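The values are calculated or read from the model by the stated rules, or taken from the named source; none is laboratory data. Since we're looking at a predicted model, the values are computed, not measured. We place every Cβ from the backbone using ideal geometry, glycine too, and count neighbours over all the protein chains shown. Heavy atoms of the whole protein, side chains included, go into the accessibility calculation; ligands, DNA and RNA do not. Shrake-Rupley method; radii C 1.70, N 1.55, O 1.52, S 1.80 Å.
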Amino acid sequence: QVQLVESGGGLVQPGGSLRLSCAASGAIFSIYTMDWYRQAPGKQRELVASIDSITRTNYADSVKGRFSISRDNIKKTVYLQMNNLELEDTAVYYCHSTQRGVAYWGQGTQVTVSS
C-alpha cells in the first residue's frame, strides 16, 4: 500500500515562499513519476508540476519560473519550492503518483496567499 503525506503548507504574503514536502512509503519510490496538483475553491484540480524517474520536470504555465519540483530518492520525498507566490496560488496542494495503474493521492496541504 502506497501512502503519500504532504506537509509545509501555510499562510504567506504575496511575493513570499513556501516549500512543500511529500513523503512516500510502501513503494519503490525512485522509478515512478511524482506530481503536485492543486485545487482552488470552486475550481477543478489541476496539475502543477511533475518529475519523472530521471528527474525530467514539467510545469503548468502559470507557475513556470516561480515553482521548482525536486525529489530525494533516498528519503522517498518529493518537494515543491514555491517562490514569488501570488494570490491565485491559494489552493489545497496534493501529492500524486500513479503506480502500476493505481492512482495514489495524499491528504492535501493548504496554501493560502493573502496580504
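At-a-glance table
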read-out	value
Net length gained if the chain between residue 110 and residue 60 were fully extended (0.36 nm per residue, minus Cα distance)	16.1 nm
The chain - percent relative contact order, Cα under 8 Å, separation 6 or more	37 percent
Size of charge dipole - the chain - debye, nearest 20, with Cβ of Lys, Arg +1 and Asp, Glu -1, no other charges	260 debye
Net charge contributed by nearby residues that have their C-beta within less than 10 Å of residue 81 (K/R +1, D/E -1)	+2
Rounded percent of accessible protein surface that carbon and sulfur make up, the chain, 1.4 Å probe	48 percent
For the chain, diffusion coefficient by Stokes-Einstein and Kirkwood Rh (Cα), 10 °C, 1.306 mPa s, µm²/s	113 µm²/s
Distance (nanometres) between label positions extended 7 Å along Cα→Cβ at residue 75 and residue 100	2.7 nm
As computed over region 49-115, the Cα convex hull volume per residue (Å³)	108 Å³
Average accessible surface area per residue within the chain, 1.4 Å rolling probe, Å²	54 Å²
Whole-angstrom Cα spans of region 1-66 along principal axes, big to small	37, 24, 22
